[in-house]
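Taking it in order: structure first as structure tokens, then the write-up.
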């Protein structure tokens, strides 16, 4: 696994370590461009971004990144088929109106797609619901239910079933508890976040 020297959020570090040098990359919901800058500067990637928040777009442009303002729910159709080696959707799938459509578009425009998301099957989430009867607020889910951008609450098991039903190939999967990678065993219970590398196969 290749290493990136700049500090990255754990799921982004996993993604960056598995992107091939010199690849064409689209980061959908790229935030302030931290991952894009790392891929550009340390992997020599042609790294581009799509971001909804105009202040984040301005931050990216100030860093010399190729980022445009756009919405993952409506604007991915503007990109041609297979125009990128990798399309990335990190911590964004659960915020889209139609995650199924967003993933279809991701796999249309990218030969491979990285998807990361919070696992709502994690034991702390289950415990908060069981003992308190309320949606949890944790270090990695730090806002109350009425403030959260998350509108689709999925688990690793949900996502795995979704992929199997659509015959989407899993080329890699990584599971994070806090900042550490853990083994796949009982990941739906133990992992706070998941990262998948996907393709259509064939």
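Here are the numbers for the structure shown:
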quantity	calculated
Which listed residue, of 113, 72, 102, is in a helix (DSSP H, G or I), under 20 Å from residue 35 (Cβ atoms) and under 18 Å from the mean Cα position of the chain (by Cα)	102
Conditions (1) closer than 24 Å to residue 175 by Cα; (2) part of a helix (DSSP H, G or I); number of the one not met by residue 89	(2)
So residue 36, is it closer than 21 Å to residue 119 by Cα and buried (at least 22 other Cβ atoms within 10 Å of the Cβ)	no
Residue list for the range 181-195, restricted to those being in a strand (DSSP E or B), surrounded by fewer than 22 Cβ atoms within 10 Å (Cβ to Cβ) and touching a residue at least 24 places away in the same chain (Cβ under 8 Å)	181
Residues of the range 98-124 that turn out to be out of contact with any helix residue (DSSP H, G or I) (no Cβ under 7 Å at 6 or more places or on another chain), surrounded by fewer than 22 Cβ atoms within 10 Å (Cβ to Cβ) and modelled with pLDDT of 90 or more, as a count	7
Answer from 178, 121 - the residue that is out of contact with any strand residue (DSSP E or B) (no Cβ under 7 Å at 6 or more places or on another chain) and within 18 Å of residue 13 (Cβ to Cβ)	178
Residues of the range 24-65 satisfying the condition of being more than 25 Å from residue 99 (Cα to Cα) and not in a helix (DSSP H, G or I)	44, 45, 46, 63, 64, 65
Matching entry among 198, 141 (being under 23 Å from residue 71 (Cα atoms), out of contact with any helix residue (DSSP H, G or I) (no Cβ under 6 Å at 6 or more places or on another chain) and modelled with pLDDT under 95)	141
Matching entry among 83, 90 (being surrounded by fewer than 23 Cβ atoms within 10 Å (Cβ to Cβ) and either modelled with pLDDT of 95 or more or over 24 Å from residue 119 (Cα atoms) (or both))	83
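The values are calculated or read from the model by the stated rules, or taken from the named source; none is laboratory data. Being a predicted model, the structure only gives us computed values, none of them experimental. Here Cβ is always computed from backbone atoms with ideal geometry, including for glycine, and neighbour counts include all displayed protein chains.
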